[in-house]
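Structure record follows, encoded as structure tokens.
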């Protein structure tokens, strides 16, 4: 498996690892998990819990474009080394994104989100240039 494909797998796993703080926040509210209305319960979370939900959802939102960019770059025969660098940068930016979100560092979070977005655009650009 190529490095960019490994990064797609890591990005997918990271989405679900970022769900762990959500469950921690739910368990701290003493009501437990509401399986009948889970989205309503998530919407009621505040502070750390709300940020944890935002981090998880943010990762889920950017996964599909990133995975598509990796696949398209591979199929187009884009430079494997540059694709690997961009894919690794994406995964690192996503880890930093979660950390910044949970730490309530909004400007840092926005910056690392932009870095991740640019890496996805970069993969598409490499595919277009191939």
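Quick note: the coordinates plus some simple rules give every number you see, no bench work behind them. Since we're looking at a predicted model, the values are computed, not measured. Quick reminder, even Gly has a Cβ in these numbers, built from the backbone with ideal geometry, and neighbours come from all protein chains shown.
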- Note on the structure: Shape call for region 1-48, from the Cα gyration tensor axes a ≥ b ≥ c (a/c under 1.5 means rounded, otherwise prolate when a/b beats b/c, else oblate), comes out prolate
- Query: In degrees from 0 to 90, rounded to the nearest 10, what is the angle of the helix 106-129 Cα long axis to the longest principal axis of the chain?
  - Reply: 30
- Note on the structure: Classified through the alpha carbon gyration tensor (a ≥ b ≥ c as square roots of its eigenvalues; rounded if a/c is under 1.5, else prolate when a/b is larger than b/c, else oblate), the chain comes out prolate
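Mind ordering 66-72, 18-24, 37-43 by average Cβ neighbours within 10 Å, highest first? Could the numbers behind the result be given before it?
Values: 66-72: 20.4, 18-24: 16.6, 37-43: 12.1.
Averaged packing, sorted descending, gives the order 66-72, 18-24, 37-43.
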- Message: Is the C-alpha gyration tensor of region 33-84 telling us rounded, prolate or oblate? Criteria: a/c under 1.5 is rounded; beyond that, a/b larger than b/c is prolate, otherwise oblate.
- Response: prolate
- Using just the helices of the chain, give the 222 nm mean residue ellipticity in deg cm²/dmol: DSSP H runs with n ≥ 4 each add -39,500 (n - 2.57), and the total is spread over all residues, rounded to 500. -28000 deg cm²/dmol
- Task: Give me the distance between the Cα centres of region 114-130 and region 1-62, rounded to whole Å.
- Result: 26
- Query: Given a cut-off of under 8 Å on Cα pairs at least six residues apart, what relative contact order in percent is computed for the chain?
  - Reply: 31
- Task: Please give the helix 48-76 orientation as an angle from the longest Cα principal axis of the chain, in degrees from 0 to 90, rounded to the nearest 10.
- Result: 20
